[in-house]
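Structure first, then comments.
The values are calculated or read from the model by the stated rules, or taken from the named source; none is laboratory data. Source: prediction; values computed, not measured. Cβ: placed from backbone, ideal geometry, glycine included. Neighbour counts: every protein chain shown.
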């Protein structure tokens, strides 16, 4: 299988939920328009940001189908569906469904209960899931902070040895730049290495990365487009300033409780996706007020998606 | 809700699989007979040993239904169904199904992708899942080595504050005896604390524990019955010798690759449950031969279940 | 070399400091008398509790010499000197000095900057340090929570293979009871396994342990003597109650900031050892007031050393 | 105090040892000449690479004095002396001695036995040690992989709040680029942020870093000079190729056992520094042969220091 590498920003959409926690699938066309308006190249759905792990299989299928429909006349818009991780049986089912929907790609992350400790086991898992969608590009999703799987991707690629025909690349959500660059250079740059740490986009660009997947591209795409432009124009000082603005925005996630804060940012730009489901905790109202002030203070409205 | 505490050994059965990895549900009546013959008080199904995380929801229901049927005329045999952890929606569905089957109890473990870091969040998760089977006792399953959730159980019980009516106790699979004993003493010993580390049964008995859940009770129940008897007879030296025999048996799990070795022990006692599904790795044949020799060397056939 | 095993409680004394942080060596005779009055069998000096890592070599020698002098007419009082860990050169110097003082034993913990990851390296370190005091029993001090060295002691003893003549045993400050019991059974119980987790003394007694080293024996020895007596009299229920009292006392350490709280307990029994040196943080005065109330509430004055 | 920022490469020299493990101080003038020949801007001595933790205080003073003497007519050559970490008393003594020698700077790392968990405690430690050499610039050495101290440097700088007059900056040996860049931007770029991960120099350059401290600059300085030149010339593709060469060289450290492999590289360029002291393990002869072949294969002789 021959792959084109992904260029530009892929957003990882939030799962749109109602107040009662049910899926608010009707929002997705509007969500798609938001991303398009902000020059986003695609969507990585049912991932960490998309709460895939907190949705039922049926709900994940609904999300996938709704995105497929929203973008059905837009073959350029790349939808990557995270098919899961813990149970390979479930992953296979979702992989097959994704292929049936003709989405751009599937993604798969390390099993996170019985977490593999050797690269060969993880390679075997990839092979199994990739085979369930044999005509669809497969991206491994490397996010050790959530899966606990610390196997270097260089070792995974060596264990695979090119033997999974639809293995396209890796969504790399980790700070190991040595490992990341090593993967970029493997087999003449065969693999599509997508950067997954928005707070470190500039270092990744310096290493030659041209595609990125992230949650903050949902609500701050213009900032990153400028950052990329500054880098391409070799205006590094400006690129750093922009990266620091991104970091200030991301620091508020830590300050106000983590991943759920992303949905608070979405409220600020006018696309209400509800709250996160348990076990993720949402901000209470007083915190949200302080968060709004902080967001204004760091200039969020100057660079947010519109 | 008023609970009786569990006395004796609860086995955590393996998921019976065929060579091709499909469920071999037909083995369960025979499995039930094995446990009964060896004076096992119940079964903790779909847990870590039972590969619940690697089964689909449909398969977990089949397993639960098959155990319910096998023991339908045996009200003393306590079946506890682990309803999962990662997705609360799925857990609720399984909890409701368990109540419908009238099994003895449900169990729930910490979400292990978005892992709670404060006790209140974990308490909220327990409340949600417990409410889906309101007439069924609920056991929290504490196994930080697999879930990554290190919240002490003393903190969880304090966060719950007695406000979950069907919260019966904890299956405690961790070495923190200070935490364990603290929980045993809370609210006049209200909670049923089930010990989950077979290699440390003797210390748990010394702390007053009278119920235990474990995987090695599947194939070495007589050894543990003797250990408990020695403890009750205050023959400590003998109890230690028996605990050391258990440890030698358990050390072979580490030597031959972990949890999958349990199914190899099952083969030695004549109940073939197949292999583990990926991501767990099974022993190859040469290793199995060496394992058999080691099992004989440590006297496994003298104390195994029959 | 032939060793007698240690019976009873060894206290790990605090480093007595003045307000200005200098050593208050003059307190040591009085400290020794306190321990004697409370039937303590010896002192493990310059350890974690004794802030060995925060003292200079010269100061550690002063501490060792002062204890040697305080107990010079008391051959039954066993003084074990922790010779350090990070720099083997320094450890060797302290080991030789300890032998010269004719103290009962030396102890050595894992290097904690370049932390060994394989048992053979750690065995090599033990061999080097033990050889610097060849006529003095050597105890390895296992405290992975502080050293970061997670090598099981069963593996260390196997790597040593009996080849260090003065290797007497292990001060075991960790919750791995499987490992602990395995070590107790090695080579017909050759090794003196000293228990180092005061909050878990009862489980250790059940495993046959008869010697313990700990910090709370400095100020609550009567409680533990009663616990041991209850165990020996096979009054388990009473033993558990006493263990729970110990746990309540130990829980205040966590509540008020950790190891430095031990010196606050010493103030309550009238032996002021000053504060801890940086990097350990001491309680401020308002916290100390609350701590005093809590100590009273849990009945500290009923079971403390006098 | 006003500081000039450091430009260029600072090598972290190995401790030169004889076969018997004693210091081979006589090599230092030659070592200094090697670094000068290869356009190295200074030396970070007694650090991780320099085995400071395995040397006695007396030995560390000898090393410092020897470097001071070797470079006494070279005021441009910046010598930074790591004064330690575990015991603040020892650190203060070394700090005072360093000031007496008029070395360029002192450095201090987090205590690594009683490891601080809050930024204020670490700031207090820095204050204490910095005050012992009040006329000498102070660099905090951030290396959580060895110290276990995971406090972000952004938090440390905030806790210090500008109140340590000689606090000059940070040697940053960690992959958290968000934290690193945040520190670079604090108080108008007041702090001198030295990069300490040779395998990730290119990303650090992209973030505006202009000074670096590392062990591989001892033996592969020309490679990094070329990398910096390529970056400054905006030849990114070439810069990446050079970074990948550095990575291949660094990968052999992992393959052959870690930090000790650095001294093997030194042998290849003709400056024998002996082996590492325990607890670091050295390569055996057969491994060294294979290592030499690997070094040749990756082109080490084309870019090594000469």
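When residue C:99 is tested against (1) within 13 Å of chain D (Cβ to nearest Cβ); (2) in contact with a strand residue (DSSP E or B) (Cβ under 9 Å, 6 or more places away or on another chain); (3) surrounded by fewer than 19 Cβ atoms within 10 Å (Cβ to Cβ), only condition (1) is not met. Do you know which residues across the stretch C:284-297 are away from every other protein chain (no Cβ under 13 Å) and either in a loop (DSSP other than H, G, I, E, B) or crowded, with 17+ Cβ neighbours inside 10 Å (or both)? Listed by number, the residues that qualify are C:291, C:295.
When only residues in the stretch C:126-150 that are farther than 19 Å from residue C:96 by Cα and touching a residue at least 12 places away in the same chain (Cβ under 8 Å) count, which is surrounded by the most Cβ atoms within 10 Å (Cβ to Cβ)? Steps first, please.
Within the stretch C:126-150, the subset farther than 19 Å from residue C:96 by Cα is C:142-150.
With touching a residue at least 12 places away in the same chain (Cβ under 8 Å) added as a condition, the list becomes C:142-149.
Numbers: C:142: 26, C:143: 21, C:144: 18, C:145: 10, C:146: 20, C:147: 24, C:148: 20, C:149: 21.
Applying the filter and picking the extreme gives C:142.
Residue D:107 falls short on exactly one of the conditions (1) touching a helix residue (DSSP H, G or I) at 6+ places or on another chain (Cβ under 9 Å); (2) buried (at least 23 other Cβ atoms within 10 Å of the Cβ), and that condition is (1).
For the stretch B:243-274, filtered to residues that are in contact (Cβ under 8 Å) with a residue 60 or more places away in the chain and crowded, with 18+ Cβ neighbours inside 10 Å, the residue that is farthest from the other protein chains (Cβ to nearest Cβ) is B:271. Among residues of the stretch A:284-303 that are over 12 Å from residue A:249 (Cα atoms), those with a beta-carbon under 7 Å from a residue that is outside any loop (DSSP other than H, G, I, E, B) at least six positions away or on a different chain give the pairs A:288/A:264. Counting only residues that are assigned to a helix (DSSP H, G or I) and farther than 24 Å from residue A:201 by Cα, the stretch A:17-45 holds 7 of them. Residues of the stretch D:1-16 that are at pLDDT 95 or above and either surrounded by fewer than 22 Cβ atoms within 10 Å (Cβ to Cβ) or assigned to a loop (DSSP other than H, G, I, E, B) (or both): D:5, D:6, D:7, D:8, D:12, D:13, D:14, D:15, D:16. For the stretch D:111-125, state whether one or more residues are within 14 Å of another protein chain (Cβ to nearest Cβ), free of Cβ contacts under 8 Å to residues at least 60 places away in the same chain, outside any strand (DSSP E or B) and under 18 Å from the mean Cα position of the chain (by Cα). Yes: the stretch D:111-125 contains one or more residues that are within 14 Å of another protein chain (Cβ to nearest Cβ), free of Cβ contacts under 8 Å to residues at least 60 places away in the same chain, outside any strand (DSSP E or B) and under 18 Å from the mean Cα position of the chain (by Cα).
Is at least one residue of the stretch D:66-82 touching a helix residue (DSSP H, G or I) at 6+ places or on another chain (Cβ under 8 Å) and within 25 Å of residue C:279 (Cα to Cα)? There is at least one residue in the stretch D:66-82 that is touching a helix residue (DSSP H, G or I) at 6+ places or on another chain (Cβ under 8 Å) and within 25 Å of residue C:279 (Cα to Cα). In the list A:107, A:48, which residue meets the criterion of being assigned to a loop (DSSP other than H, G, I, E, B) and under 12 Å from the mean Cα position of the chain (by Cα)? Exactly one residue qualifies, and that residue is A:48. Criterion first (in contact with a helix residue (DSSP H, G or I) (Cβ under 7 Å, 6 or more places away or on another chain), touching a residue at least 24 places away in the same chain (Cβ under 8 Å) and surrounded by fewer than 23 Cβ atoms within 10 Å (Cβ to Cβ)) does residue A:170 satisfy it? When the stated conditions are applied, residue A:170 does not pass them. Consider the stretch C:95-104. How many of its residues are in contact with a helix residue (DSSP H, G or I) (Cβ under 9 Å, 6 or more places away or on another chain) and part of a helix (DSSP H, G or I)? Of the residues in the stretch C:95-104, 4 are in contact with a helix residue (DSSP H, G or I) (Cβ under 9 Å, 6 or more places away or on another chain) and part of a helix (DSSP H, G or I).
Kindly indicate the residue of the stretch D:152-165 that is buried (at least 19 other Cβ atoms within 10 Å of the Cβ) and in a loop (DSSP other than H, G, I, E, B) and also nearest to the other protein chains (Cβ to nearest Cβ) among those meeting that condition.
D:152
Within the stretch A:179-199, the only residue that satisfies the criterion of being out of contact with any strand residue (DSSP E or B) (no Cβ under 7 Å at 6 or more places or on another chain) and in contact (Cβ under 8 Å) with a residue 40 or more places away in the chain is A:199.
In the stretch C:65-86, the qualifying residues are those that are within 29 Å of residue C:150 (Cα to Cα) and modelled with pLDDT of 95 or more, and the one that is nearest to the other protein chains (Cβ to nearest Cβ) is C:82. Just one of the listed residues (A:204, A:230, A:168) is part of a helix (DSSP H, G or I) and either touching a strand residue (DSSP E or B) at 6+ places or on another chain (Cβ under 8 Å) or modelled with pLDDT under 95 (or both), and it is A:204.
Within this structure, residue A:66 fails the test of being surrounded by 20 or more Cβ atoms within 10 Å (Cβ to Cβ) and part of a strand (DSSP E or B).
Within the stretch D:174-197, identify whether any single residue is within 14 Å of chain C (Cβ to nearest Cβ) and under 19 Å from the mean Cα position of the chain (by Cα), and answer yes or no. No, the stretch D:174-197 contains no residue that is within 14 Å of chain C (Cβ to nearest Cβ) and under 19 Å from the mean Cα position of the chain (by Cα). Among residues that are buried (at least 24 other Cβ atoms within 10 Å of the Cβ) and on the phi > 0 side of the Ramachandran plot, residue C:46 is included. Scanning the stretch D:132-151 for residues that are touching a helix residue (DSSP H, G or I) at 6+ places or on another chain (Cβ under 6 Å), farther than 30 Å from residue C:144 by Cβ and in a strand (DSSP E or B) yields one hit, D:138. Against the conditions (1) in contact with a helix residue (DSSP H, G or I) (Cβ under 8 Å, 6 or more places away or on another chain); (2) free of Cβ contacts under 8 Å to residues at least 40 places away in the same chain; (3) surrounded by fewer than 19 Cβ atoms within 10 Å (Cβ to Cβ); (4) more than 30 Å from residue D:277 (Cα to Cα), residue C:29 satisfies every one except (2). The single condition among (1) outside any loop (DSSP other than H, G, I, E, B); (2) more than 20 Å from residue A:203 (Cβ to Cβ); (3) out of contact with any helix residue (DSSP H, G or I) (no Cβ under 7 Å at 6 or more places or on another chain) that residue D:237 does not meet is (2). Within the stretch A:201-228, being closer than 14 Å to residue A:171 by Cα, surrounded by 24 or more Cβ atoms within 10 Å (Cβ to Cβ) and within 14 Å of chain D (Cβ to nearest Cβ) holds for A:201, A:204, A:214. If residue A:81 meets every condition in (1) touching a strand residue (DSSP E or B) at 6+ places or on another chain (Cβ under 6 Å); (2) assigned to a helix (DSSP H, G or I); (3) crowded, with 24+ Cβ neighbours inside 10 Å apart from one, which number is that one? Among (1) touching a strand residue (DSSP E or B) at 6+ places or on another chain (Cβ under 6 Å); (2) assigned to a helix (DSSP H, G or I); (3) crowded, with 24+ Cβ neighbours inside 10 Å, residue A:81 violates only (2).
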